[in-house]
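Novice: Let me give you the structure first, and then I'll get to my questions.
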Amino acid sequence: MSTILIIDDDDQLRKSFEKLLTEEGYTVETAPSGEAGLNFVRASVPDLVILDMRLPGMNGFETFQAIHDIEPKLPVIMMTAYGTTETAIEAMKMGAFDYILKPFDIPDMLAQIGQAIEAGRLMRSPVDMNRIPDQASQEALIGRSKPMQDVYKAIGRVASTDATVLVRGESGTGKELVARAIYHHSARADKPFLVINCVAIPETLLESELFGYEKGAFTGASYRRVGKVEQAHRGTLFLDEIGDMPFSIQSKILRLLQEKSIERLGGRETIPVDVRIIAATNRNLETALAESRFREDLYYRLKVVTIWLPPLRERVEDISRLAGYFVARYAEDMAMPNPGITKEALPILNNYPWPGNVRELANTIQKALIFNPGTPITPEVVSQAISGKMPGTALGGEGKDEAIRTWVRERLLSGVDDNLFDKVLDQFASILVSEALGITGGNRSQSAKLLGLSRPTLHSKIEKYGLKFETSVKKE
């Protein structure tokens, strides 16, 4: 459960924040001054700080600098109730994640909080390579096959440079993990790492999300906003699914790569930025070039270094290691002993084509553990998990959701969870949201309707649980 520290001298605002964020499933700590907030950060680093600009004693800017000195990768969202946002923008240029104007829109604020926590997690969580990590919960690129050895070598060669990198491969092969591994082994590892999914953000919003905007740039632009490119100054920006980036925005990315500068929407000021670009796509860019859907000049600028990730079916020898890793990881998440996989189940895993690649394998193992807790994963369980026809999942009739009840009972009897109620709710909420996204092909509006949630609330859940999804666009 993520911990958020609120630093604000307004008692009522702190109480309101604490009530709202606690209901959203966060652990909330509060401090009435910068000095008190710093004491908390020194004692126990939270996942996010929300910091008011005007404070007694140390002001917000001074407090931010002190927090940044203690933990440079801790995301900080600045708050201000005043018309000018120049101080907050300056703090962002020094490394703050974003700023919020009071009074704020609650759904937008929750979405920003989710994004900030996820960005902090990505920056602070290293990606292990080429071995089973010491802790099952640690994210890793796993595989000893020759194709994966080539990937590790490429990461090692390019990480220490500032070269633009294009990561290519099918959906679910681990392109974001490769981008993060490059970042964590680079000279920019102590600077921001921000992710933009070019297909998940509507075209009308993507440009402003990337480059920001000036006050009055469009209806509703009531203040200046800094975009993700400026936020990533001196750091790394990962453009996921760049093959789906609208043609109209590609020219601005080209300018960023060529001139190291941008302009905010509605602005005339040329803003120099120092940011490394890592891009990824599952698209056939050569076909997109031929069909004039992708700029040729941007294509050649992006592919300074290209890293190809192999599909899982082309590295079958890695499947058993990956499966063992996911069993250990999800068993740890569920606070259960590692049940292992029977030898008889491995041929089924090895022979299945895995169209969803490593992501599909991970989801299959997770389903197997949820619906067969505490027992070794057998061939029958693997087959059921792959087909999606797990026993005891029907809602209705005698013995309904008995597998779920068994799993919950084991968690209750284990006595190892301090916050069992919240953990179980989060576990099933994550599955609910993930399945809704899967059914709708990643359409957030349709998923929100299925779940009975507002779209901003769904977005905050996606960010909170770190869910990844693909839209149902026909592949080339």
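The values are calculated or read from the model by the stated rules, or taken from the named source; none is laboratory data. Quick caveat: nothing in here was measured; it's all calculated off a predicted structure. Cβ atoms come from the backbone with ideal geometry, glycine included; neighbour counts cover every protein chain shown.
Novice: Residues of region 242-282 being of a type in the set (Asp, Glu) and either within 17 Å of Leu302 (Cβ to Cβ) or touching a residue at least 24 places away in the same chain (Cβ under 8 Å) (or both), which ones?
Specialist: Start the filter on region 242-282 by keeping residues that are of a type in the set (Asp, Glu), which leaves 244, 259, 263, 269, 274.
Once the filter is applied, which keeps residues that are of a type in the set (Asp, Glu) and either within 17 Å of Leu302 (Cβ to Cβ) or touching a residue at least 24 places away in the same chain (Cβ under 8 Å) (or both), region 242-282 yields Asp244, Glu259, Glu263, Asp274.
Rundown of residues vs (1) hydrophobic (A, V, I, L, M, F, W, C); (2) assigned to a loop (DSSP other than H, G, I, E, B); (3) touching a residue at least 24 places away in the same chain (Cβ under 8 Å); (4) not assigned by TED's automatic domain parsing to the domain that holds Glu241, yes/no style:
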{"site": "Phe326", "(1), (2), (3), (4)": "yes, no, yes, yes"}
{"site": "Ala331", "(1), (2), (3), (4)": "yes, no, yes, yes"}
{"site": "Ala335", "(1), (2), (3), (4)": "yes, yes, yes, yes"}
{"site": "Pro339", "(1), (2), (3), (4)": "no, yes, yes, yes"}
{"site": "Leu349", "(1), (2), (3), (4)": "yes, no, yes, yes"}
{"site": "Ala362", "(1), (2), (3), (4)": "yes, no, yes, yes"}
{"site": "Lys367", "(1), (2), (3), (4)": "no, no, no, yes"}
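Novice: Which pairs do you get when a residue that is under 15 Å from Ala111 (Cβ atoms) and assigned by TED's automatic domain parsing to the domain that holds Thr281, found in region 188-215, comes within reach of a residue that is of a type in the set (D, E, K, R) and assigned to a loop (DSSP other than H, G, I, E, B), reach meaning Cβ atoms under 7 angstrom, with the pair 6+ apart or on two chains?
Specialist: Cβ pairs passing all conditions: Asn197/Glu241.
Novice: Of the numbered conditions (1) within 24 Å of the chain's Cα centre (by Cα); (2) at negative phi, Ala335 satisfies every one except a single condition; which is it?
Specialist: (2)
Novice: Still on this structure, I have one more. In region 158-203, what residues are β-branched (Val, Ile, Thr) and under 23 Å from Val273 (Cα atoms)?
Specialist: Applying the first criterion (β-branched (Val, Ile, Thr)) to region 158-203 yields 158, 161, 164-165, 167, 173, 178, 182, 195-196, 199, 201.
Listed by number, the residues that qualify are Val158, Thr161, Thr164, Val165, Val167, Ile182, Val195, Ile196, Ile201.
Novice: Going by the conditions given, is Leu239 part of a strand (DSSP E or B) and under 20 Å from Glu296 (Cα atoms)? Give the derivation first.
Specialist: Details: part of a strand (DSSP E or B): yes; under 20 Å from Glu296 (Cα atoms): yes.
Here the answer is yes, as Leu239 does meet what is asked.
Novice: Just to be sure, is Leu309 crowded, with 18+ Cβ neighbours inside 10 Å and at negative phi? Quick ask: steps written out before the conclusion?
Specialist: Details: crowded, with 18+ Cβ neighbours inside 10 Å: yes; at negative phi: yes.
Yes.
Novice: If you check every pair at least six apart or on different chains, which have Cβ atoms under 7 Å apart with a residue in region 87-114 that is farther than 20 Å from Phe211 by Cα first and a residue that is aliphatic (A, V, I, L, M) and at pLDDT below 80 second?
Specialist: Lys102/Ala81
Novice: Looking at this structure, is Arg188 crowded, with 18+ Cβ neighbours inside 10 Å, assigned to a loop (DSSP other than H, G, I, E, B) and touching a strand residue (DSSP E or B) at 6+ places or on another chain (Cβ under 8 Å)? Walk me through how you get there before you give the answer.
Specialist: On the way: crowded, with 18+ Cβ neighbours inside 10 Å: yes; assigned to a loop (DSSP other than H, G, I, E, B): yes; touching a strand residue (DSSP E or B) at 6+ places or on another chain (Cβ under 8 Å): yes.
Considered against the rule, which asks whether it is crowded, with 18+ Cβ neighbours inside 10 Å, assigned to a loop (DSSP other than H, G, I, E, B) and touching a strand residue (DSSP E or B) at 6+ places or on another chain (Cβ under 8 Å), Arg188 comes out as yes.
Novice: Here's another thing I want to ask about it. Scan region 290-305 for residues that are surrounded by 12 or more Cβ atoms within 10 Å (Cβ to Cβ) and either hydroxyl-bearing (Ser, Thr, Tyr) or out of contact with any helix residue (DSSP H, G or I) (no Cβ under 8 Å at 6 or more places or on another chain) (or both) and jot them down.
Specialist: Scanning region 290-305 gives Tyr299, Lys303, Val304.
Novice: Report the residue count in region 191-213 for those that are part of a strand (DSSP E or B) and under 16 Å from Ala232 (Cβ atoms).
Specialist: The qualifying residues number 5.
Novice: Which residues, taken from region 156-165, are over 21 Å from Gln231 (Cα atoms) and buried (at least 23 other Cβ atoms within 10 Å of the Cβ)?
Specialist: Across region 156-165, there are no qualifying residues.
One line per residue, one yes/no per condition, for (1) more than 23 Å from Ala362 (Cβ to Cβ); (2) at pLDDT below 70; (3) of a type outside the set (Phe, Trp, Tyr):
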residue: Asn419; (1), (2), (3): yes, yes, yes
residue: Gln446; (1), (2), (3): yes, no, yes
residue: Pro456; (1), (2), (3): yes, yes, yes
residue: Glu463; (1), (2), (3): no, no, yes
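Novice: Ok, one more. Can you tell me how many residues in region 63-111 are modelled with pLDDT of 80 or more, in a helix (DSSP H, G or I) and of a type outside the set (Val, Ile, Thr)?
Specialist: 10
Novice: On to the next question. Here is a check on your reading of the model: is Gly392 of a type in the set (Gly, Ala, Ser), at pLDDT below 85 and in contact with an Asp or Glu (Cβ under 7 Å, 6 or more places away or on another chain)? Steps first, answer last, please.
Specialist: Numbers: of a type in the set (Gly, Ala, Ser): yes; at pLDDT below 85: yes; in contact with an Asp or Glu (Cβ under 7 Å, 6 or more places away or on another chain): yes.
Yes: the conditions hold for Gly392.
Novice: Looking at Val127, is it surrounded by 14 or more Cβ atoms within 10 Å (Cβ to Cβ), at pLDDT below 90 and either within 18 Å of Ile196 (Cα to Cα) or in contact with a strand residue (DSSP E or B) (Cβ under 8 Å, 6 or more places away or on another chain) (or both)? Steps first, please.
Specialist: Numbers: surrounded by 14 or more Cβ atoms within 10 Å (Cβ to Cβ): yes; at pLDDT below 90: yes; either within 18 Å of Ile196 (Cα to Cα) or in contact with a strand residue (DSSP E or B) (Cβ under 8 Å, 6 or more places away or on another chain) (or both): yes.
Here the answer is yes, as Val127 does meet what is asked.
Novice: Considering region 263-309 alone, what residues qualify as being in contact with a Gly (Cβ under 7 Å, 6 or more places away or on another chain) and either of a type in the set (Asp, Glu) or assigned to a helix (DSSP H, G or I) (or both)?
Specialist: Leu285, Ala288
Novice: For residues in region 3-43 being in contact with a strand residue (DSSP E or B) (Cβ under 7 Å, 6 or more places away or on another chain), closer than 21 Å to Asp422 by Cβ and not β-branched (Val, Ile, Thr), which is surrounded by the fewest Cβ atoms within 10 Å (Cβ to Cβ)?
Specialist: Glu18
Novice: Out of all the residues in region 207-215, is one or more surrounded by 15 or more Cβ atoms within 10 Å (Cβ to Cβ) and more than 29 Å from His184 (Cα to Cα)? Talk me through it step by step, then tell me what you get.
Specialist: Narrowing region 207-215 to residues surrounded by 15 or more Cβ atoms within 10 Å (Cβ to Cβ): 207-214.
Adding the requirement that they be more than 29 Å from His184 (Cα to Cα) leaves 213-214.
For region 207-215, residues surrounded by 15 or more Cβ atoms within 10 Å (Cβ to Cβ) and more than 29 Å from His184 (Cα to Cα): present.
Novice: OK, next. Just a yes or no: is a residue in region 257-268 modelled with pLDDT under 95, touching a helix residue (DSSP H, G or I) at 6+ places or on another chain (Cβ under 8 Å) and basic (Lys, Arg)?
Specialist: Yes, region 257-268 contains at least one residue that is modelled with pLDDT under 95, touching a helix residue (DSSP H, G or I) at 6+ places or on another chain (Cβ under 8 Å) and basic (Lys, Arg).
Novice: With respect to Val28, is the statement that it is closer than 30 Å to Ser430 by Cβ, in contact (Cβ under 8 Å) with a residue 12 or more places away in the chain and in a loop (DSSP other than H, G, I, E, B) true?
Specialist: On the way: closer than 30 Å to Ser430 by Cβ: yes; in contact (Cβ under 8 Å) with a residue 12 or more places away in the chain: yes; in a loop (DSSP other than H, G, I, E, B): no.
Here the answer is no, as Val28 does not meet what is asked.
Novice: Could I ask something else about it? Residues Gly143, Gly114, Gly156: which one is modelled with pLDDT of 85 or more, in a helix (DSSP H, G or I) and either out of contact with any strand residue (DSSP E or B) (no Cβ under 9 Å at 6 or more places or on another chain) or in the same structural domain as Ala362 (by TED's automatic domain parsing) (or both)? Step through it out loud before you land on a result.
Specialist: Working: Gly143 fails: in a helix (DSSP H, G or I); Gly156 fails: either out of contact with any strand residue (DSSP E or B) (no Cβ under 9 Å at 6 or more places or on another chain) or in the same structural domain as Ala362 (by TED's automatic domain parsing) (or both).
Answer to the selection: Gly114.
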